[in-house]
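What follows is a short report on a single structure.
Just so you know, all these numbers are worked out from the coordinates, no wet-lab data involved. If you're wondering where the values come from, they're calculated on a predicted model, not measured in any experiment. Because the Cβ atoms are built from the backbone with ideal geometry, glycine has one as well, and the counts that use them run over all protein chains shown.
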Amino acid sequence: MNKSIGKCPFCSDGEIIYSKILVSGKQTNVYTCSNASWYSEDGEMFELSKNATCSFRIWGNSLQKWGKRSITPKEVKSLLQGKDVKIKLYSFKTKKEYYKYICLDKEYGISVIWETNI
Ligand SMILES: [Zn+2]
């Protein structure tokens, strides 16, 4: 089940492919540029293969520590179309909920725009 959900914003001809992989034994959504390929020997640490020309990817669990279990294909699709995407985050420290916008980040896949209060 690998499905293209949009064009890669960081290279000229890549498509973003949605798939599910096991990360530390858990099914995780992952969105990778078709010009990137990731591999893992232990299912925990993922490395970019040598022939990759783009490194863009979003790990679906990257906001897990903020109480967001998974980044959905719908959210990624909207980001790729340049739309604002609002998400709910939860801080385990302050026990508060936050509503924030997220954006695409070349290095981290997704980043949260903390400065903006919604
Ligand atoms: Zn790309």
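Screening the candidates Gly14, Gly60 for the property of being closer than 15 Å to Lys106 by Cβ and surrounded by 12 or more Cβ atoms within 10 Å (Cβ to Cβ) yields one hit, Gly14.
Picking from residues in region 17-32 that are of a type outside the set (D, E, K, R) and farther than 22 Å from Asp105 by Cβ, the one that is farthest from the ligand (Cβ to nearest atom) is Gly25.
Looking at Asn51, Asn61, Asn35, Asn2, can you tell me which residue is touching a residue at least 24 places away in the same chain (Cβ under 8 Å) and more than 11 Å from the ligand (Cβ to nearest atom)?
On the way: Asn51 fails: touching a residue at least 24 places away in the same chain (Cβ under 8 Å); Asn35 fails: more than 11 Å from the ligand (Cβ to nearest atom); Asn2 fails: touching a residue at least 24 places away in the same chain (Cβ under 8 Å).
Selected residue: Asn61, the only one of Asn51, Asn61, Asn35, Asn2 that is touching a residue at least 24 places away in the same chain (Cβ under 8 Å) and more than 11 Å from the ligand (Cβ to nearest atom).
In region 78-118, of all residues being of a type in the set (Lys, Arg), farther than 17 Å from Ile5 by Cβ and free of Cβ contacts under 8 Å to residues at least 60 places away in the same chain, the one that is surrounded by the most Cβ atoms within 10 Å (Cβ to Cβ) corresponds to Lys100.
Name the strands (runs of 3 or more DSSP E) wholly within region 9-85 that hold at least 1 residues that are of a type in the set (S, T, N, Q)? Outline the logic, then answer.
Details: elements: 15-23, 26-33, 38-40, 46-48, 57-59.
Hits in region 9-85: 15-23, 26-33, 38-40.
Determine, yes or no, whether Gly6 is buried (at least 16 other Cβ atoms within 10 Å of the Cβ) and of a type in the set (Gly, Ala, Ser). Outline the logic, then answer.
Numbers: buried (at least 16 other Cβ atoms within 10 Å of the Cβ): yes; of a type in the set (Gly, Ala, Ser): yes.
For Gly6, the condition - buried (at least 16 other Cβ atoms within 10 Å of the Cβ) and of a type in the set (Gly, Ala, Ser) - is met.
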